[in-house]
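Worksheet: one structure, shown below.
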Amino acid sequence: MSGVQLAHIRKSYGSVEVIPDLSLDIAEGEFVVLVGPSGCGKSTTLRMIAGLEKVSSGQIAIAGRDVTWTRPKERDIAMVFQSYALYPHMNVAENMSFALRLAGTPKAEVQDRVHRAADMLELTPYLDRKPKDLSGGQRQRVAMGRSIVRDAYVFLFDEPLSNLDAKLRASMRTELALLHQRLDRTMIYVTHDQIEAMTMADRIVIMDGGRIQQVGTPKAVYNDPVNTFVATFIGSPAMTLVPADLSEEGGRVVARGDGFALPLPDRLKAAARRAASRGVTLGLRPEHFAATPRGQDDAPVHLDVKVAEYIGSSQYLAARMGSHDITAAVEVGPEADRLTAGTYHFDTQRLYLFDRRTGDSLTRAG
Amino acid sequence: MTDGTTDPLTRPLPAPTPRPRFEAGFLTPYAFIGPALVVMAAGLLYPVVMAFYLSFYDWQIGLELEDAPFVGLTNFGRMLVDHQVWEVLWVTIRFGFWTITIEMTLGIALALLLEKPIRGASVFRTIFILPLMVSPVVVGLIWRYLFDARVGWINYYAGAWFGIEPQIWLGDPQLAFFAIVFVDIWQWTPFIFIIVLAGLQALPSEVVEASTIDGATWWQQILFVKLPMIRSILVIALLMRLIDVFRGLEVMLIMTGGGPGRSTELLSLHIYNRAFETQQLGYASAISVLLILIVFGMSAAILLLANPMRERSDV
Ligand SMILES: Nc1ncnc2c1ncn2[C@@H]1O[C@H](COP(=O)(O)OP(=O)(O)OP(=O)(O)O)[C@@H](O)[C@H]1O
Ligand SMILES: [Mg+2]
């Protein structure tokens, strides 16, 4: 068995239990992103994999070897920190080659690997500079380079892009995805930014309060969230949740609430019937609203638009639907004027249904 | 609307204000450091200038300064062939070498050992820095009695625990030198300890962790990451200890008076003795000038070679 395995990891600081029981199996070569709100235990999990933090109980295996109690240097890992954590007294080349030099790698090979990494990251002109003489983005690349030259079995990233501006972050996301393709190594990446998670991950691990909420491909967690937490966390702008009551009307199940009546697709009928007595929470993704009807699955809703944000080819609406605040992302083309109140259309095939009490999904395929 | 092809500045601008000759607030830093500079000039520069001035006169105690004859460089000429001066200079250098080497080594080692929050570390830290708070005069008195040949604890415990014969510690040149080195280490190791500890604790933890990930052993981490990163602190500590070696005299004055012979007479104590025992103020000033030049030269050399500000970085 290879890859990285976490089995029933528990972590507490004194009496504070940060991670109650976490199990995760990461395949070799996989790019896994841990995502979740601040304080949910992402860094703690990553640091336990790195060996910077000891587990309270449970087992960790890397490349089929139990490493629960081994030191970081024996785990064959490389790590990129949020603060970059460059050695301020070493220049870029020295920073990147430090691990190799400690390991007693022959000089020529160290040189070669540093130059190749510098080449890949466009750092060659800066090899002699100290970190303080670099821009934030360059420092970030040095931190990246320091881990690349190691050629470790697992790469760990703790919010490596969060100190960069939006444009640089977007381009570094691409770089990282390319890097993963090129190196073909297992990568575990921590972020609180769901866009980073969606764009880079093979699989996303969504955490909240020290617990894994859902593990799945970006497509799976977007289309098939297990609960309202995942549903609202993944997707941008976020999904709107509204309480609704179900009733049978002429062979169809209709979800009614303040200001809307949406017929459920046949796919949801069975689930809806089971939950009808308890009441449900309806999930509406902003991008499933449209200005004009697209087909027979569209249901009209009246939106009282408060603010329309012009994004380009679409507009984000902060609107009221009945008494509910909702967000809609409506594609109207770049020529459209700011949208106003009126009748919009929601694609009912895309409805999400949750148990109102537990928040668990009622629409899950599985 | 502007689209780059037309001049965007079609509306009239308000009349321009003149460019200020000085940046606003450029005086502010001087206003703040000004008073301190004045005080420092008065407190530091005045004695130095006076020492230079007096070194050209043959001024004895009891004589008005105005009556003291100007003797040019005579005092300096005399100093060059004064074997006493060279002897105490040698004592000072030996003293400085042993105390600073051991204090730096011990202080750094202890700071590295007590850096992690282990049980009892804070108690030990507190006890350990107590010597720092004792004034040198009191230190001299305490240790003079502890080293006393007849009633001192050191002879008592050395005999009781280790079976060492009673020694006349402060009466033997070698033992007395050992004693003042020992006391200096006792008092000043905590100083190195505390500032190195502060430096270590201020190190960004992720950088240290990065070196752990990079595979550095405990020892390599200290050598290649921690110590280089607190280099400026180490240089400043070294500098302050060096200056103190040439400055402090109270402990020796009280413990040994510089004796036996001149075995514990440091340069500063020698100057003191020349000035107030043999009352040759002009000559003592000339030796002071030598001392000032040595300290100044050393400080400049260290600051130039090890420029402690160079590694400052926000990374
Ligand atoms: N040394 C510690 N002692 C006690 N509690 C800690 C310690 N370190 C972390 N915690 C707690 O553990 C929880 C998880 O912390 P962690 O750093 O893993 O969060 P995170 O998911 O990385 O959040 P962020 O996105 O803000 O970095 C937090 O509630 C935090 O307060
Ligand atoms: Mg974190």
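The values are calculated or read from the model by the stated rules, or taken from the named source; none is laboratory data. Everything numeric here is computed off the predicted structure, so don't read it as measured data. Here the Cβ is made from the backbone with ideal geometry for all residues, glycine too, and neighbour counts use every protein chain on show.
Details
- Restricting the search to helices (runs of 4 or more DSSP H) fully inside segment B:220-315 and requiring at least 3 residues that are at pLDDT 85 or above and within 14 Å of another protein chain (Cβ to nearest Cβ) gives B:231-247.
- Identity of the residue in segment A:323-333, closer than 12 Å to A:Leu284 by Cβ and not charged (D, E, K, R), that ends up surrounded by the most Cβ atoms within 10 Å (Cβ to Cβ): A:Ala328
- Positions within segment A:160-200 being under 14 Å from the mean Cα position of the chain (by Cα) and of a type in the set (D, E, K, R), in sequence order: A:Arg173, A:Asp193, A:Glu196
- Residue within segment B:177-188 that is under 30 Å from A:Val80 (Cβ atoms), buried (at least 18 other Cβ atoms within 10 Å of the Cβ), touching a Leu at 6+ places or on another chain (Cβ under 8 Å) and not hydroxyl-bearing (Ser, Thr, Tyr) present: no
- For segment A:22-44, residues that are surrounded by 15 or more Cβ atoms within 10 Å (Cβ to Cβ), of a type outside the set (Ser, Thr, Tyr) and within 16 Å of ligand 1 (Cβ to nearest atom) total 10.
- Taken over segment A:149-176, the criterion of being aliphatic (A, V, I, L, M), in a helix (DSSP H, G or I) and either over 24 Å from B:Ala210 (Cβ atoms) or within 16 Å of ligand 2 (Cβ to nearest atom) (or both) is satisfied by A:Ala166, A:Ala170.
- Residue check: A:Thr343 meets all listed conditions (1) among the polar types (S, T, N, Q); (2) in a loop (DSSP other than H, G, I, E, B); (3) under 18 Å from A:Lys306 (Cβ atoms) but one, namely (2).
One line per residue, one yes/no per condition, for (1) over 30 Å from A:Arg364 (Cα atoms); (2) among the basic types (Lys, Arg); (3) assigned by TED's automatic domain parsing to the domain that holds A:Arg350:
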| position | (1), (2), (3) |
| --- | --- |
| A:Asp133 | yes, no, no |
| A:Arg141 | yes, yes, no |
| A:Val154 | yes, no, no |
| A:Phe157 | yes, no, no |
| A:Asp165 | yes, no, no |
| A:Ser171 | yes, no, no |
| A:Ala197 | no, no, no |
| A:Met200 | no, no, no |
| A:Ile212 | no, no, no |
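- Per-region count, segment B:88-141, residues under 23 Å from B:Leu227 (Cα atoms), surrounded by fewer than 16 Cβ atoms within 10 Å (Cβ to Cβ) and of a type in the set (S, T, N, Q): 3
- Residues of segment A:219-229 satisfying the condition of being part of a helix (DSSP H, G or I) and more than 10 Å from the chain's Cα centre (by Cα): A:Lys219, A:Ala220, A:Tyr222, A:Asn223, A:Thr228, A:Phe229
- Count - residues of segment A:1-48 that are within 16 Å of ligand 2 (Cβ to nearest atom) and among the small types (Gly, Ala, Ser): 5
- Residue identified as without any contact (Cβ under 8 Å) to a residue 40 or more places away in the chain, more than 16 Å from ligand 2 (Cβ to nearest atom) and surrounded by fewer than 18 Cβ atoms within 10 Å (Cβ to Cβ) among A:Arg141, A:Arg129: A:Arg129
- Test: residue in segment B:255-271 that is among the acidic types (Asp, Glu) and in contact with a Phe, Trp or Tyr (Cβ under 9 Å, 6 or more places away or on another chain): no
For (1) in a helix (DSSP H, G or I); (2) of a type outside the set (Phe, Trp, Tyr); (3) at pLDDT below 80, each residue gets a yes or a no:
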| position | (1), (2), (3) |
| --- | --- |
| B:Pro117 | no, yes, yes |
| B:Arg144 | yes, yes, yes |
| B:Val151 | no, yes, yes |
| B:Gly159 | yes, yes, yes |
| B:Ile164 | no, yes, yes |
| B:Ala179 | yes, yes, no |
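- Lone qualifier among A:Val280, A:Val221 - being buried (at least 18 other Cβ atoms within 10 Å of the Cβ), away from ligand 1 (no atom under 16 Å from the Cβ) and closer than 21 Å to A:Phe346 by Cβ: A:Val280
- Pairs, first touching a residue at least 24 places away in the same chain (Cβ under 8 Å) in segment A:35-57, second within 11 Å of ligand 2 (Cβ to nearest atom) and in a helix (DSSP H, G or I), C-beta under 8 Å, six or more apart: A:Val35/A:Lys42; A:Gly36/A:Lys42; A:Glu53/A:Thr44; A:Glu53/A:Arg47
- Flag for A:Ala336 being at pLDDT 90 or above, surrounded by 15 or more Cβ atoms within 10 Å (Cβ to Cβ) and closer than 18 Å to A:Phe289 by Cα: no
- Members of segment A:162-199 that are more than 24 Å from A:Ile62 (Cα to Cα) and within 13 Å of ligand 1 (Cβ to nearest atom): A:Ser162, A:Asn163, A:His192, A:Asp193, A:Gln194, A:Glu196
- When residues of segment A:201-218 are limited to those that are under 12 Å from the mean Cα position of the chain (by Cα) and small (Gly, Ala, Ser), the one nearest to ligand 2 (Cβ to nearest atom): A:Ala201
- Listed conditions (1) at positive phi; (2) surrounded by fewer than 17 Cβ atoms within 10 Å (Cβ to Cβ); (3) not aliphatic (A, V, I, L, M) are all met by B:Ser299, apart from (1).
- Listed by first and then second residue, the pairs with beta-carbon distance under 6 Å, at least 6 apart or on different chains, first residue in segment A:208-230 and closer than 17 Å to A:Arg285 by Cβ, second basic (Lys, Arg) and surrounded by fewer than 19 Cβ atoms within 10 Å (Cβ to Cβ), are A:Asp224/A:Arg364.
- Of all residues in segment B:207-219 being in a loop (DSSP other than H, G, I, E, B) and within 7 Å of chain A (Cβ to nearest Cβ), the one that is surrounded by the fewest Cβ atoms within 10 Å (Cβ to Cβ): B:Gly215
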